[in-house]
Amino acid sequence: MAEQYACPTTPPPHWRDRAACIGEDPEIFFPLSDSLAAGADARAAMAICRRCPVLLDCRAWAVEHGEDDGIWGATTAPQRRALRRATGDTLAAPAYQRGRTGRPDG
């Protein structure tokens, strides 16, 4: 069932407004290591993500927009790259690979 809002002209809140990471130290979501075992910071970020009500929205946004840094939706950058490859989503390639036009072909 859809959420009801007080005013029919008021748009629903953006998924980021409901994220569990609001108010957390952003540094833990951008660990120095990009590996799957990135250390205590990545584990702390993953723990926050796992209890987040918008985890899937966050992950989808990061994959769709080619976010190539940090922890988003309980995934690391290598995991998101693997998701993009698995789905054949070339438009979600990282910005540095898309070129000036934002498209993979330059």
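Worth pointing out:
- Scan of the range 61-106 for residues that are in a loop (DSSP other than H, G, I, E, B) and modelled with pLDDT under 55, ordered by number: Ala93, Pro94, Gly99, Arg100, Thr101, Gly102, Arg103, Pro104, Asp105, Gly106
- Test: Ile48 is within 15 Å of the chain's Cα centre (by Cα), among the hydrophobic types (A, V, I, L, M, F, W, C), at pLDDT below 90 and part of a helix (DSSP H, G or I): no
The values are calculated or read from the model by the stated rules, or taken from the named source; none is laboratory data. Quantities reported herein were computed from a predicted structural model and do not represent experimental measurements.
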